[in-house]
Each structure stands twice: as C-alpha cells, then as structure tokens.
Amino acid sequence: MEIASTPVNAAVLTVDPLQWKTLAATHRAVGRLDTAGALLAAVGDDCKVLTDQPGQ
C-alpha cells in the first residue's frame with residue numbers, strides 16, 4: 001500500500017456561541033445539528049458549501 005505524500009491543508013471551523021439562535025434555526029431547517037454547525041462555520045469563514053442536493 002502506498003501512502004500519498006501530498007500535504008493536506010485542514011482547519012477547524014467553529015460557530016460563535018453567541019449565534020445560538022441562528023444555529024437553532026439552521027438546525028430546524030436542515031434537520032441535523034452537525035450539518036447546521038458546519039454550514040454556519042463555513043459561511044462565517046466565507047467558504048463554499050457542497051451538498052448532495054443541488055440548489056439547496
């Protein structure tokens with residue numbers, strides 16, 4: 001087995017605890033807390049969000 005030696009860039013994204021109302025509303029909209037947190041963290045850091053549901 002070969003292991004790729006290409007460096008990987010990673011970051012830990014967090015959600016501001018003071019935005020709990022936004023997190024709760026997003027959780028209600030998407031139905032999963034982990035997805036809601038990831039979405040808010042990504043949007044807060046001006047990242048693109050890839051989903052398996054086009055247009056959402």
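Taking the options Thr35, Thr22, name whichever one is part of a helix (DSSP H, G or I), polar (S, T, N, Q) and at pLDDT 90 or above.
Values: Thr35 fails: at pLDDT 90 or above.
Just a single option satisfies the conditions, and that option is Thr22.
Could we say that Val8 is part of a loop (DSSP other than H, G, I, E, B) and modelled with pLDDT of 75 or more here? Let's see the steps before the verdict.
Working: part of a loop (DSSP other than H, G, I, E, B): yes; modelled with pLDDT of 75 or more: no.
For Val8, the condition - part of a loop (DSSP other than H, G, I, E, B) and modelled with pLDDT of 75 or more - is not met.
The values are calculated or read from the model by the stated rules, or taken from the named source; none is laboratory data. Fair warning: this is a prediction, and the values are worked out from it, not measured in the lab.
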